[in-house]
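A.B. asks: Please find one structure pasted underneath; my questions will follow.
Bear in mind that the values in this text are calculations on the coordinates, not laboratory data. The shown structure was predicted, so the numbers you read here are calculated from the model rather than taken from an experiment. Here the Cβ is made from the backbone with ideal geometry for all residues, glycine too, and neighbour counts use every protein chain on show.
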């Protein structure tokens, strides 16, 4: 992933590192910002997932160090945000799902799900490095987008953000980590309620449940994250240790996520034509948000 290094060396915000990703390294905070900008819809299309996988492998192989302006800096934070106005991420590529299901392409659907899980899990384990991961949510955060946010150590959300799992509305369930991540944070009963309700939760509601860490005014998310990191920078070693301890206690292994995503792919193959038409309607609504 040399292109990430080369383009990040240019400095400045939002250097494009691939068609659907941009990044910036904040040397004062030792933080890599990763800005999502998937096209043509703000969801996890296959090429976007492959770009995220490449970026994740680059971070993982960095040994926790980053060359920036001819100096070597430690990587203490990886922060994910969106460049799409009012949308963090809308989740899976529903148009692709419907196509694969209609074609009865189980291997193709399973491959997609496995790639999602591998990308999510790499963020969940902080790229096998002693660093802290942060998701900054500004706007809609649905389905796989919600799962992605939950994989971070810290979630900062702007007040108007909305979170939810719409999958139950077309007779499916979120299979890329939702149940595993939620049940470890809020218990199995509440996890099931969140997944099966179809409800869109406010940032404040999720803060009350302990799923969102910080809620800030709209438009202040980036500054709030910078202030949070600056405040905690002198104690980053302790915060990294807490995150590592939590992961040990939760004992979430990649194998669990891969088994669940296989169940998800199998259940998807049982969707009816009516279910698929509703899924396709959701896909069209995703396009209208760009």
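A.B. asks: If you take the beta carbon distance between residue 199 and residue 46 as r and set R0 to 45 Å, what does 1/(1 + (r/R0)^6) give as a FRET efficiency, to the nearest 0.05?
C.D. replies: 0.95
A.B. asks: Additional query: Under a point spin-label approximation (7 Å from Cα along Cα-to-Cβ), what is the residue 255-residue 269 distance to one decimal in nm?
C.D. replies: Once both label points are built, they end up 2.3 nm from each other.
A.B. asks: Listed highest first by mean packing, meaning other Cβ atoms within 10 Å per residue, what order do 234-243, 44-53 come in?
C.D. replies: The most tightly packed comes first, giving 44-53, 234-243.
A.B. asks: What number, rounded to the nearest 500 deg cm²/dmol, is the helix-based mean residue ellipticity at 222 nm of the chain, given -39500 (n - 2.57) per DSSP H run of at least four residues and division by all its residues?
C.D. replies: The helix-only estimate for the chain comes to -14500 deg cm²/dmol at 222 nm.
A.B. asks: Continuing with the same structure: Report the convex hull volume per residue for the stretch 14-78, counting only C-alpha atoms, in Å³. It would help to have the intermediate numbers written out before the result.
C.D. replies: Values: hull volume 5.4 nm³, N = 65.
So the per-residue Cα hull volume is 83 Å³.
A.B. asks: What number do you get for the stretch 2-287 when its Cα radius of gyration is normalised by 2.2 N^0.38 Å, N = residues?
C.D. replies: Cα Rg divided by the expected 2.2 N^0.38 Å: 0.96.
A.B. asks: Distance from the Cα centre of the stretch 68-90 to that of the stretch 119-161, in angstrom?
C.D. replies: If you average the Cα positions of each part, the centres end up 11 Å apart.
A.B. asks: Angle, helix 106-124 long axis vs. longest principal axis of the chain, Cα atoms, 0 to 90°, nearest 10?
C.D. replies: In the chain, helix 106-124 runs at an angle near 30 degrees to the longest axis.
A.B. asks: What list of whole percents do you get for P(r) of the stretch 129-237, with Cα-Cα distances grouped in 10 Å bins up to the one holding the largest distance?
C.D. replies: Bin by bin from 0 Å, the calculated values are 15, 47, 29, 9, 1.
A.B. asks: Counting only DSSP beta bridges with both residues in the chain, what percent are antiparallel, rounded to the nearest 5? Mind showing how you got there, number by number?
C.D. replies: Working: 15 of 38 bridges.
About 40 percent, rounded to the nearest 5.
A.B. asks: Within 10 Å, count the other beta carbons around each residue, average over each peptide in 121-127, 87-93, 211-217, and list them highest first.
C.D. replies: 87-93, 121-127, 211-217
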